[in-house]
Amino acid sequence: MASVCNSKTLNTPFTSSTTSSLASTSKPSQLLLHGKRNQTFKISCKVSNNDQNGETNSVDRRNVLLGLGGLYGVANAVPLATANPIPTPDLTSCSIAHIDETDDVEYSCCPPKPDDLDKVPYYKFPSMTKLRIRPPAHAADEEYIAKYNLATKRMRELDINPTDPLGFKQQANIHCAYCNGAYRVGGKELQVHFSWLFFPFHRWYLYFYERILGSLINDPTFGLPYWNWDHPKGMRLPPMFDREGSSIYDEKRNQNHRNGTVIDLGHFGEEVETTQLQMMTNNLTLMYRQMITNAPCPLLFFGAPYPLGSDPSPGMGTIENIPHTPVHIWTGDNPRQKHGENMGNFYSAGLDPVFYCHHANVDRMWNEWKQIGGKRRDLTQKDWLNSEFFFYDENRNPFRVRVRDCLDTKKMGYDYAPMPTPWRNFKPIRKSTTGKVNTSSLPPASQVFPLAKLDKAISFSIDRPASSRTQQEKTEQEEMLTFNKIQYDDRKYIRFDVFLNVDKNVNADELDKAEFAGSYTSLPHVHKVNGSHAASVTFQLAITELLEDIGLEDEDTIAVTLVPKKGDISIDSAEIKLEAC
Ligand code: C2O
């Protein structure tokens, strides 16, 4: 699939200034040793299953895989088999949102209501002559930056009329309303994160935001910049956003993460003490794992099914989990703001212009993922395709939009200026062990689980359902390392890493290893759905390719090591399953 990476290819992105015309922005970065801990971000993480075949026959398995509320309870009550897409939210019932459940901090972010709610039409793409091209933010020239600043300044000026839907604050409120509990659909809170609505909602949101900016400067070709955090040159706050006094600057950002500090795409609230090179290497490894190894199937990439009537937040896709959420946390002003404003909390994230730049790259990853091949295609479930959202266009006209109409960015009138994607060739091959660790000296999974507290690194052996599988068998079914009923307090930070075939002394600050399977993260999550803060989720990692890379395909039993990094976690059981996409 991806070719092997050696130290030469590893160095290229850092040292070459000829591969592209990008202005180098690198300065020595400071990686701080101590970060502040208690940060607020409305996130819960339930990693998804890998089942996208058919709409009827997979229901039961879906429930099991996703750990949907008490496993069977919720999904049994929801007729997943019939068409139940999430409809346009009912604006008349839009109500006050909440920032923080414990203090019950309220925040009002409903949009202005259109005159005739029942007659809001479906959106039609206006005719266009030229694609809007979104440039990588770190490489944009001064002329572009000036245009973008002017457009944002004009958008901020519209705030003088607080109910102008095109105003900067109203635009930010869109995010709050769809994420902090202002809308209800099907009797439940509407949430566009932690599920398969994540990618399409944000795509439409940016589409209109971009068109509004363009119309404010009379430039229909204006394209939003993208924060190219998947490339070493973009692994820092884009410099254009770091100019104090400009309209795209935001004061509520972590001051320790300015001036070229290298970003940690796995940031979980604490600073990792390592070199810039190792950080970038970890980042590219995480990108490789999230885009390639752990996302061979559509639902793993997009997130779990979220039909009308089901509880919100059934499970995140790989990219929403990492790096999307860590970038929010890393940027937000957690040291100084109580709720991690602006980027570190959903209700306020849209108040930082860099939000739209971050999400442009998230959106770009959707396009990139589809180009990788294999079974990486858009979902085909009607409940996804027919889900709807509500937006105002640049002429202040209200529209309903559908997921099915946002699958092709060129049809929507925009595309991304190409940048190399070094993570694609970043398959980690360095091994920290030679040969197979002695599994007979390890306790079997059946003895280790249920695990009451994952408070130190632990290794165990686990049986595989099949070994020495043929290529055909591998194409048909993915081998999934599955952790059932992971439980923790969802108001807390959680992260643990999973390695295969290492012992528990593995250095978990260096992720660029063949044995690194993936990470589970969760960040404080505020919701009004039920009174419980006990998350109970299923987490799966696709390990087919990993086992090839480590040379363990013929083994019946393998060693798994869990390294806790943050939070109190218990795990009910672990198993390896074979699953079709
Ligand atoms: Cu809607 Cu990045 O969150």
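Expressed as a rounded percentage, what relative contact order does region 99-176 have, with Cα pairs under 8 Å and six or more residues apart?
Once normalised by length, the contact order is 33 percent.
How much net charge surrounds residue 200 when only the other residues with a Cβ under 11 Å from the Cβ of residue 200 are counted, with Lys and Arg +1 and Asp and Glu -1?
Every neighbour counted, the sum reads -1.
Cα to Cα, under 19 Å, and not fewer than 8 places away if on the same chain: which aspartates and glutamates meet these conditions relative to residue 169?
Once the sequence-local aspartates and glutamates are set aside, what remains near residue 169 is 106, 157, 159, 210, 250, 251, 333, 341, 352, 393, 394.
When we measure straight from the Cα of residue 410, which lysines land under 25 angstrom away, once same-chain ones fewer than 8 places off are left out?
By straight Cα distance, residue 410 reaches 124, 130, 147, 370, 375, 382.
Whose amide H sits under 5 Å from the amide H of residue 182, counting only residues 5 or more places off or on another chain, with H placed in the peptide plane?
The list, which skips near neighbours in sequence, is empty: none.
Counting only protein heavy atoms, what percent of the accessible surface of region 305-441 is carbon or sulfur at a 1.4 Å probe?
Solvent-exposed carbon and sulfur of region 305-441 make up 46 percent of the total.
For region 244-255, in order, what is each residue's ³J(HN,Hα) by Karplus, 6.51 cos²θ - 1.76 cosθ + 1.60 with θ = phi - 60°, in whole Hz (x at glycine and Pro)?
4, x, 7, 6, 9, 7, 9, 6, 7, 9, 5, 5
Using a/c under 1.5 as the rounded threshold, could you call region 98-152 rounded, prolate or oblate? The axes a ≥ b ≥ c are square roots of the C-alpha gyration tensor eigenvalues, and prolate needs a/b larger than b/c, oblate otherwise.
Note, shape of region 98-152 comes out oblate.
Long-range amide H contacts for residue 132: which residues qualify at under 5 Å (H placed 1.01 Å from N, peptide plane, sequence gap of 5 or more or a different chain)?
For residue 132, the qualifying residues are 414, 415.
Full extension from residue 117 to residue 146: what is 0.36 nm times the residue separation minus their Cα-Cα distance, to one decimal in nm?
So the extension gain works out to 6.6 nm.
Note down the net charge around residue 506, summing +1 for each Lys or Arg and -1 for each Asp or Glu among other residues with Cβ under 14 Å from its Cβ.
0
Taking amide hydrogens as modeled 1.01 Å from N in the peptide plane, which residues meet the under 5 Å criterion relative to residue 343, leaving out close sequence neighbours?
332, 333
Let me check I've understood the local charge: for residue 286, count other residues with C-beta under 10 angstrom from its C-beta, Lys and Arg +1, Asp and Glu -1. What total comes out?
-2
How many angstrom lie between the Cα centre of region 472-516 and the Cα centre of region 340-379?
So the two Cα centres are separated by 23 Å.
I need the shape label for region 178-242. Rule: rounded when a/c is under 1.5, else prolate if a/b > b/c, else oblate, with a, b, c from the alpha carbon gyration tensor.
oblate
Any idea what the relative contact order of region 114-264 is, in percent, if you count C-alpha pairs under 8 Å spaced at least 6 apart?
Relative contact order of region 114-264: 28 percent.
To the nearest 0.05, how large is the calculated FRET efficiency for residue 400 and residue 503 if R₀ is 60 Å and r is the Cβ-Cβ distance?
0.60
Which ³J(HN,Hα) values in Hz, rounded to whole numbers, follow from the phi angles of region 512-519 under the Karplus curve 6.51 cos²θ - 1.76 cosθ + 1.60, where θ = phi - 60° and Gly and Pro get x?
7, 9, 4, 7, 6, 8, x, 10
Measuring from a point 7 Å past the Cα of residue 255 along Cα-to-C-beta, which residues in region 320-358 have an amide N at less than 12 Å?
335-337
For the peptides 403-411, 438-446, 556-564, what is the packing order when you average, over each peptide's residues, the other Cβ atoms within 10 Å and list the highest mean first?
Ranked by mean Cβ neighbours within 10 Å, highest first: 556-564, 403-411, 438-446.
For region 255-330, report the accessible area per residue in Å² (1.4 Å probe, heavy atoms, rounded to an integer).
Per-residue value: 15 Å².
Rounded to whole Hz and in sequence order, give me ³J(HN,Hα) for region 426-437 from the Karplus expression 6.51 cos²θ - 1.76 cosθ + 1.60, θ = phi - 60°, writing x for Gly and Pro.
9, 4, x, 10, 4, 10, 8, 10, 10, x, 9, 5
Please sort 544-555, 139-150 by packing, taking for each peptide the average over its residues of neighbouring beta carbons within 10 angstrom, highest first.
544-555, 139-150
Quick check: the distance between the Cα centres of region 265-322 and region 128-198, to the nearest angstrom?
23 Å
If packing is taken as the average count of other Cβ atoms within 10 Å, what order do 463-473, 211-221, 323-333, 360-370 fall into, highest mean first?
323-333, 360-370, 211-221, 463-473
Using the Cα gyration tensor of region 142-300, with a ≥ b ≥ c the square roots of its eigenvalues, what is the shape: rounded (a/c below 1.5), prolate (a/b larger than b/c) or oblate (neither)?
The shape class here is oblate.
The values are calculated or read from the model by the stated rules, or taken from the named source; none is laboratory data. Computed from a predicted structure; not experimentally measured. Note that each Cβ is placed from the backbone with ideal geometry, even for glycine, and that neighbours are counted across all protein chains shown. The accessibility values were calculated without ligands, DNA or RNA, using every heavy atom of the protein model including side chains. Shrake-Rupley method; radii C 1.70, N 1.55, O 1.52, S 1.80 Å.
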